[in-house]
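Quick one: the structure is below, questions incoming.
Only the coordinates and a few stated rules stand behind these numbers; no lab work does. Because the structure is predicted, anything quoted here is derived from the model rather than measured. Using ideal geometry, Cβ is built from the backbone for each residue, glycine included, and neighbour counts are taken over all protein chains shown.
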Amino acid sequence: MSKIAFRCILNVRSCSTVTSKFDIRFTTPADREQLGILLKRGFHEGENLIKMLDLTYEETKPLYDKILSNKFTINNSLCAVNNYNGEICATIIFKLLTRGNNYKDYVDENEEKYFKEVIRGNEKLKKCFDIQEKCCEDVWKVFPNDIKSIWKTFMLAVLPEYRNMKLANLIMKSREKLCPERSPDLYGDIADCTTLTSVKIQNNCGYKNYSKVPYSYIGLPPAPDGSDSVIGNYKILPHYYEKRVTK
């Protein structure tokens, strides 16, 4: 186990009684196959928008595959690994948002073109993208001008058989140590929440709301779990304030 991952387990042990069973680490290209399975079972099959729009896995798989081929995403997302069998059982998939030049090498200009090509002619996919884009259209307004690049929590997935183990909370708490060590000049995070559970998890981790777009925006009723909107959350990560104090 890496030193960073070991320190992570020690530091977050208090948030769950089972953390010693899991290693929290960054994803790598070698994880793509397991992550693909995890996104199918731990995200696609339970996500509100996908279920209400009746999107099949076959319709969305090209998007998942493209996201996992992004150089920044596949090397900088986080996953929880079962130490007993090596199974990747939970993940936070990150994307990079930037308005500066620090991360130009990670910006895939063809990715958005590819997404538009995939959703063209698929009204269900178009609705899914429309409401999420509406939710984060003014995202930079909540960040200070000196924050040029941020994380975007794109997907949070946990395999069904692990959902009573607080792994989502574990990864969320771990990221505040691991991510600044990896990329110290990424000072914030945004996320589009479509379930009450994801909103609760992020609220418990200090996230704040910056936007709310009702499902009725794309002609949908409230979700079975009671949520009626896509919620845009953001957080300025603690090391941003630590940097300002030390200056």
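Short version: ³J(HN,Hα) in whole Hz for each residue of the stretch 143-158, in order, from phi by Karplus 6.51 cos²θ - 1.76 cosθ + 1.60 (θ = phi - 60°), x for Gly and Pro, what are they?
The phi angles translate into 10, x, 4, 7, 8, 9, 9, 9, 7, 10, 6, 8, 8, 10, 10, 9 Hz.
If you take the Cα Rg of the chain and divide it by 2.2 N^0.38 Å, with N the number of residues, what do you get?
0.98
Could you compute how fast the stretch 111-247 diffuses translationally, taking Rh as the Kirkwood radius over C-alpha pairs and applying Stokes-Einstein at 10 °C with viscosity 1.306 mPa s? Give it in µm² per second.
Values: Rh = 16.6 Å.
It diffuses with D of about 96 µm²/s by this estimate.
Among 104/200; 166/243; 71/166; 173/208; 126/148; 152/200, which pairs are too far apart, with a Cα-Cα distance over 26 Å? Don't jump to the answer; show the numbers that get you there.
On the way: 104/200 33 Å; 166/243 31 Å; 71/166 28 Å; 173/208 16 Å; 126/148 29 Å; 152/200 18 Å.
From 104/200; 166/243; 71/166; 173/208; 126/148; 152/200, over 26 Å: 104/200; 166/243; 71/166; 126/148.
Counting other Cβ atoms within 10 Å of each Cβ, which GluC sites (Glu not before Pro) in the stretch 127-168 have at most 16 and sit in a DSSP loop?
Sites meeting the loop and neighbour criteria: 137.
Residue 77's amide H: which non-local residues (gap 5+, or another chain) put their own amide H closer than 5 Å, with H modeled 1.01 Å from N in plane and none for Pro or chain starts?
Residues meeting the criterion, in which the H sits 1.01 Å from N, are 27, 94.
Right, something else. Could you give the semi-axes, largest first, of the ellipsoid that matches the stretch 139-179, computed as the square roots of 5 times the alpha carbon gyration tensor eigenvalues and rounded to whole Å?
28, 12, 7
Please give, to one decimal in nm, the separation of the simple spin-label points placed at residue 177 and residue 102, each 7 Å out from Cα toward the Cβ.
Modelled inter-label distance: 2.2 nm.
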